[in-house]
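> This is the structure, below, for whatever I ask next.
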Amino acid sequence: MEFDKKLIGRSLWNHVQKYTYNRSDYLEKNGYTVDNETRRQIWEDYKMAIQEVVNHLGKVFPDGFVRQEGEIEFTLKGISEETMVFLTNPSIDCTIKPVDDCQALMSFENGYLAEAYDLETLPNLPNKYRTPRFNGVLEGRHIIDIKKLLDSYDVLPKNNMIDVAIKEYLMRRMEKKDFVNAVIESLIFTGTEDDLTRAYLFDYFMGAQFDFDAYKGKERTK
């Protein structure tokens, strides 16, 4: 059963368009001026990043590799730092002030609160938590759990830095998923036996769980 090239091409185009729009929107919200030339450059850079990974896979798995004996080794070594941003697992690693008008500081490592300072100064915090011991209570907890706890006491204002960190993390996670899918679609679009195998292997090693069946053409009835 062959793949529907028209469907694959449309999905690939949609991924590039989606990234261009989201990246432009992100830049504008952070005070940058985004004109048509900037959007065109974002579009081209994203397509170049996809092609870089496709070319890299062609080196890691050279033509004819499917008929060769021996173990298959997968590596991302050699890919540029700019493109690796799309392939690495995102994490929340930052030090932030959850609320501007207090002394509280929170340092997160891989999404977990590693160190906390002066959390007892958070406004609207219940009296039982207004003690330096509250820092130790939250240390070691995931940022999502901390957000739920603080929200339950109406501590966090709108557009606070905890929400910003979580939003950027979720955005990065979706960007990685979309980028990996775009690479797989680009490989499928060429239609060669080696590229199709590269697509399956890339999906496996990246843990993408790409839905190949959704892009297979319907069998024709005689």
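The values are calculated or read from the model by the stated rules, or taken from the named source; none is laboratory data. The structure presented is a predicted model; accordingly, all values stated were derived computationally and were not measured. Because the Cβ atoms are built from the backbone with ideal geometry, glycine has one as well, and the counts that use them run over all protein chains shown.
> Taking the stated definitions as given, is P126 surrounded by 13 or more Cβ atoms within 10 Å (Cβ to Cβ) and touching a residue at least 24 places away in the same chain (Cβ under 8 Å)?
No.
> For the range 130-159, enumerate the residues that are surrounded by 12 or more Cβ atoms within 10 Å (Cβ to Cβ) and within 20 Å of P90 (Cα to Cα).
R141, H142, I143, I144, D145, I146, K147
> If I ask for residues that are more than 18 Å from the chain's Cα centre (by Cα), among the aliphatic types (A, V, I, L, M) and buried (at least 19 other Cβ atoms within 10 Å of the Cβ), which ones from the range 170-200 would you list?
If the condition is that a residue be more than 18 Å from the chain's Cα centre (by Cα), among the aliphatic types (A, V, I, L, M) and buried (at least 19 other Cβ atoms within 10 Å of the Cβ), then L187, I188, A199 are the ones that fit.
> Any residue in the range 91-109 that is in contact (Cβ under 8 Å) with a residue 60 or more places away in the chain sitting within a Cβ distance under 6 Å of a residue that is exposed (fewer than 14 other Cβ atoms within 10 Å of the Cβ) and not in a strand (DSSP E or B)? List the pairs, counting only those 6 or more apart or interchain.
S91/N110
> So which strands (runs of 3 or more DSSP E) stay within the range 5-124 end to end and still have 1 or more residues that are of a type in the set (S, T, N, Q) and touching an Asp or Glu at 6+ places or on another chain (Cβ under 7 Å)?
Those strands (runs of 3 or more DSSP E) span 105-109.
> Can you tell me which of K128, K167 is charged (D, E, K, R), closer than 27 Å to T83 by Cβ, part of a helix (DSSP H, G or I) and not assigned by TED's automatic domain parsing to the domain that holds Y200?
K167
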